[in-house]
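Sharing a structure, written as structure tokens. Questions coming.
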Amino acid sequence: MKKQEVYNQDVNDEKEIVDGEGSTSCEGSTCDNVTEEQDPSTDTMSEPTEEQSTESPATDFEKEAAEWRDKYIRLQAEFDNFRKRTLREKMDLVQSGGADVLKSMLSVLDDVYRAVAASEKSEDITALREGEKLVTQKFCDALRQKGVTEIEAQDKEFDSDLHEAVARFAAGEDKRGKVIDVVQRGYMLGEKVLRYAKVVVGE
């Protein structure tokens, strides 16, 4: 019986020790790990609220949009002015260029009037023919000064880039594919065809 009582006493003592240590470590861990909760309303370094964070970027976007809108309006106005100015300059160039050509033709027209007046008073056919040749030569020179040249077609190989065939006639083997007659003269302005030469082609 005494042994049983001593054994029970030892078991009870060990339980008290274990319970004491457990409570002590628990209290210690509780004291070490538990922290006081912070009140977000009292934290001065807290992040800005949603209202504050969205207000500034929106204002910046509106300013940037206004600046781009102003640039676009100015650019559109400048382009419109440029287009009008270019169109006006082009029209002035065409008119001035046409006026320059017409002015050079006026002297030829004066010679034509003189030739007509001379033909009414003179019966010298040879002199009249010479006058006509001089007027024609002066007219061709005036056109040549403006860059207008005649397209050579007679007895040349037919070229669809320069000639326009209006008829075809059998003209022998040596004339096949060549221009045998010029119905209407053709002219070029620089490197551009001003009028195609209307020709008759041999076959």
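Using 7 Å Cα-to-Cβ label points, what is the Glu164/Leu87 separation (nm, one decimal)?
Placing both labels 7 Å beyond Cα along the Cβ direction yields 3.2 nm.
Along the Cα→Cβ direction, 7 angstrom out, place labels at Val183 and Leu75. What is the inter-label distance in nm?
5.6
List, largest first, the extents of the alpha carbons of the range 101-203 along their principal axes, each in whole Å.
So the extents along the principal axes, rounded to whole Å, are 50, 33, 17.
To make sure I understand, if each residue's beta carbon is the centre and we count other beta carbons within 10 Å, what order do Met188, Met91 fall in, fewest to most?
In order of increasing Cβ crowding within 10 Å: Met91, Met188.
Using the structure shown, list the pairs from Lys63/Lys84; Lys138/Lys175; Lys156/Lys198 with a Cα-Cα distance above 24 Å, or answer none. Walk me through the intermediate numbers first.
Working: Lys63/Lys84 32 Å; Lys138/Lys175 34 Å; Lys156/Lys198 13 Å.
Over 24 Å Cα-Cα: Lys63/Lys84; Lys138/Lys175.
With each pseudo-label sitting 7 Å past Cα toward Cβ, what's the Lys133-Val116 distance in nm, one decimal?
2.4
Read the figures in this text as sums done on the coordinates, not as results from a lab. The shown structure was predicted, so the numbers you read here are calculated from the model rather than taken from an experiment. So basically every Cβ, Gly included, is an ideal-geometry build from the backbone, and we count neighbours across all protein chains shown.
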